[in-house]
1. Label the range B:4-89 by shape, choosing from rounded, prolate and oblate, from the square roots a ≥ b ≥ c of the eigenvalues of the Cα gyration tensor; if a/c is under 1.5 it is rounded, and otherwise prolate applies when a/b is larger than b/c, oblate when it is not.
2. Label the protein assembly as shown by shape, choosing from rounded, prolate and oblate, from the square roots a ≥ b ≥ c of the eigenvalues of the Cα gyration tensor; if a/c is under 1.5 it is rounded, and otherwise prolate applies when a/b is larger than b/c, oblate when it is not.
3. Where the centroid of each part is defined by its Cα atoms, how far is the range A:40-64 from the range B:9-81 in Å?
4. Could you list B:GLU72, A:GLU104 in order of exposure, starting from the residue whose Cβ has the fewest other Cβ atoms within 10 Å?
5. Between B:LEU97 and A:ILE96, what FRET efficiency comes out of the Förster formula 1/(1 + (r/R0)^6) with R0 = 25 Å and r the beta carbon distance, rounded to 0.05?
6. How far is it, in nm, from the label point at A:ASP168 to the one at B:VAL68 when both lie 7 Å from their Cα along the line to the Cβ?
7. Looking only at other chains, what is the average number of their beta-carbon atoms within 10 angstrom of each beta-carbon in A:90-103?
8. So for each of B:56-62, A:146-152 I average, over its residues, the number of other beta carbons within 10 Å; can you give me the resulting order with the highest mean first?
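Coordinate-derived values only; no laboratory data. Predicted model, so just to flag it, every value in this text is computed and none were measured. Don't worry about glycine lacking a Cβ; one is built from the backbone with ideal geometry, like all the others, and counts go over all protein chains shown.
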Amino acid sequence: MELIIFYLAAVVAVGGGLMMIMQRNPVASVLYLIVTLVAIAVMFVQLNAVFVGALLIIVYAGAILVLFLFVIMLLNLRGEKFAEKRTRLDRPTRIILAVAFILELLAMFKQVAFPGRMDELMVQASPDFGGARPVAELLYTKYLFPFELTSILLLVAIVGAVVMARRDEKDKKRGI
Amino acid sequence: MVPMPYYLIVGAVLFVIGIAGVILSRNLIIMFMSIELMLNAANLTIITFSRFLNLMDGHVFVFLIMAVAAAEAAVGLAIIIMLFRNRETIDADKFNLLKW
């Protein structure tokens, strides 16, 4: 049963990812990325990371991707602008890159798929593994300093975004 | 119980899809979303290892990565808006001032 859910989630995640990069229309692309993220969240829950899984849906699908959608709507982007088919890379580069990626993946599968005694690493998780309380306890004790640094990072990002996206007089005249 | 390598393989495949998106797409927003996809593939790997080592530290790292992704999205989208204001396009091929 667990394996069936995993396979479903994995197929949906990979399929959503592929569809995402193949779409011409950015709005459809965002929606496919949300599908992928929900599938990843399913895998998180399977790995007992309930809190982080919920966070993934709330923060990523709920906030970050809505920001993407909002910007796409704001810029009034249409798929037609990218309708003409033309890739950025010339043929040899593409072939080299494709071969390199496939080799890399194969090397990874070879390392990972037959590692010998991986299954013995599996331990029964404690009942509250990955719940909100134990994660929060770690976050506010052992990792308090990185956590506080995160707030500074977010502050800098907010200020930076506001400063950069502000429209000045020249833009106002052009009506953008 | 799903064996651990399965999760790692899904993470690797998603990461490669993200790389392919960054390299092949010409739409800046889709390139940006591919970066988000790569971050999430890394998150999946971290969560997997954290589960199989029975340590919860990985969950904290994923939390921090999500905060970084949020900051990155805010700044990146602001940059995209600025680029769009200057050129009225977000086609990555049109931004070639620094290309020699």
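1. On the way: a/c = 7.16, a/b = 1.86, b/c = 3.85.
Cα axes put the range B:4-89 in the oblate bin.
2. On the way: a/c = 2.26, a/b = 1.40, b/c = 1.61.
Verdict is oblate for the protein assembly as shown.
3. 13
4. Details: B:GLU72 17, A:GLU104 14.
In order of increasing Cβ crowding within 10 Å: A:GLU104, B:GLU72.
5. Details: r = 27 Å, r/R0 = 1.06.
So the FRET efficiency works out to roughly 0.40.
6. Using points 7 Å along Cα→Cβ, the separation is 3.2 nm.
7. Details: counts 0, 0, 0, 1, 2, 0, 0, 4, 2, 0, 1, 6, 1, 0.
Partner Cβ neighbours, averaged per residue: 1.
8. Order by mean packing, descending: B:56-62, A:146-152.
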